[in-house]
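The values are calculated or read from the model by the stated rules, or taken from the named source; none is laboratory data. The structure presented is a predicted model; accordingly, all values stated were derived computationally and were not measured. Cβ: placed from backbone, ideal geometry, glycine included. Neighbour counts: every protein chain shown. Just so you know, the surface numbers come from the protein's heavy atoms only, side chains and all, with ligands and any DNA or RNA stripped out. Shrake-Rupley method; radii C 1.70, N 1.55, O 1.52, S 1.80 Å.
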Amino acid sequence: MGDVWAWLLFFFTLIALVVILVYQLMCLADLEFDYINPYDSASRINGVVIPEFITQGVLCFLFLVTGHWVMSLLSVPYLYYNVRLYMRRQHLVDVTEIFNLLNWEKKQRLFKLGYVILLLFMSLFWMIYNALEDDEHSL
């Protein structure tokens, strides 16, 4: 039963990552359609970048601690990419360059979103599998 709770925790953590990434994409889309100015868009996106990195790092750590090695290995490239961005100080959106890099920023976040959705579906599968397995053992 503990495994089901762990997968449920992973699932909601991945949902939080999806929400953060969709929020960033919405800010970029608002900027593209000129609903928001570059300063507001950059400050909103920059405000959620560090929580996104921390959430993903915690998720990878939780996969390691609970012994889900495959999911941990699948989340390591995303964690490595985030750490690399942070170490190179490329993780924040620059207000003066946001229009020049708008397509790149959108592609980057769409790729991250697709990767997190893949992890989300795998987590959902394993949560359902473990719930059915626990139900089978209780009979």
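Please report the net charge: other residues with Cβ closer than 12 Å to the Cβ of Lys112, K and R +1, D and E -1. Working shown, then result.
Numbers: positive: Lys106, Lys107, Arg109; negative: Glu52, Glu105.
Taking every Cβ under 12 Å from that of Lys112, the sum is +1.
Give the angle, between 0 and 90 degrees and rounded to the nearest 10, that separates the Cα long axis of helix 69-87 from the longest principal axis of the Cα atoms of the chain.
Result, in degrees: 20.
When the chain is fully extended, how far beyond the present Cα-Cα distance does Glu136 get from Asp94, taking 0.36 nm per residue of separation?
On the way: separation 42, 0.36 × 42 = 15.12 nm, distance 5.36 nm.
Here the answer is 9.8 nm.
What's the magnitude of the charge dipole for segment 55-137 around its Cα centre, counting Lys and Arg as +1 and Asp and Glu as -1 at the beta-carbon? Answer in Debye, nearest 20. Write out the running numbers ahead of the final one.
Values: 7 positive and 7 negative charges, 137 e Å.
Computed charge dipole of segment 55-137: roughly 660 debye.
Would you mind checking the radius of gyration and Dmax of segment 72-113 based on alpha-carbon positions, in Å?
So, for segment 72-113, Rg and Dmax equal 11.7, 37 Å respectively.
Suppose every Lys and Arg Cβ carries +1 and every Asp and Glu Cβ carries -1, with no other charges. What dipole size does the chain come out with about its Cα centre, to the nearest 20 debye? Don't jump to the answer; show the numbers that get you there.
Numbers: 8 positive and 13 negative charges, 117 e Å.
Charge dipole, the chain, about its Cα centre: 560 debye, nearest 20.
Got a number for carbon plus sulfur as a percent of segment 59-116's accessible area, 1.4 Å probe? Mind dumping the intermediate values first?
Values: 2570 of 3780 Å².
The value for segment 59-116 is 68 percent carbon and sulfur by accessible area.
Just to verify a number: FRET efficiency for Asp40 and Leu73, C-beta to C-beta distance, R0 = 41 Å, to 0.05? Don't jump to the answer; show the numbers that get you there.
Numbers: r = 38 Å, r/R0 = 0.94.
Once rounded, the FRET efficiency stands at 0.60.
Once R0 is set to 25 Å, what does the formula 1/(1 + (r/R0)^6) return for the Cβ-Cβ distance between Phe11 and Glu32, expressed as a FRET efficiency to the nearest 0.05? Display every interim value, and only then the final one.
Working: r = 31 Å, r/R0 = 1.25.
Plugging the Cβ-Cβ distance into 1/(1 + (r/R0)^6) gives 0.20.
Report, to the nearest 10°, how far helix 38-66 tilts away from the longest principal axis of the Cα atoms in the chain, using its own Cα long axis and a range of 0 to 90°.
So the inclination is approximately 20 degrees.
Per residue of the chain, what 222 nm ellipticity follows from adding -39500 (n - 2.57) for every DSSP H run with n ≥ 4, rounded to the nearest 500? Write down the numbers at each step before the final one.
Working: 4 runs with 116 residues, N = 139.
Value at 222 nm, helices only, nearest 500: -30000 deg cm²/dmol.
Restricting attention to segment 32-88, which trypsin sites (Lys or Arg not before Pro) occupy a DSSP loop and are surrounded by at most 11 other Cβ atoms within 10 Å? Don't skip to the answer; put the middle values down first.
On the way: sites: Arg44, Arg84, Arg88; in loops: Arg88.
Filter output for segment 32-88: Arg88.
For segment 77-123, report the accessible area per residue in Å² (1.4 Å probe, heavy atoms, rounded to an integer). Don't skip to the end; give the middle numbers.
Numbers: 3150 Å² over 47 residues.
Accessible surface, normalised per residue, equals 67 Å².
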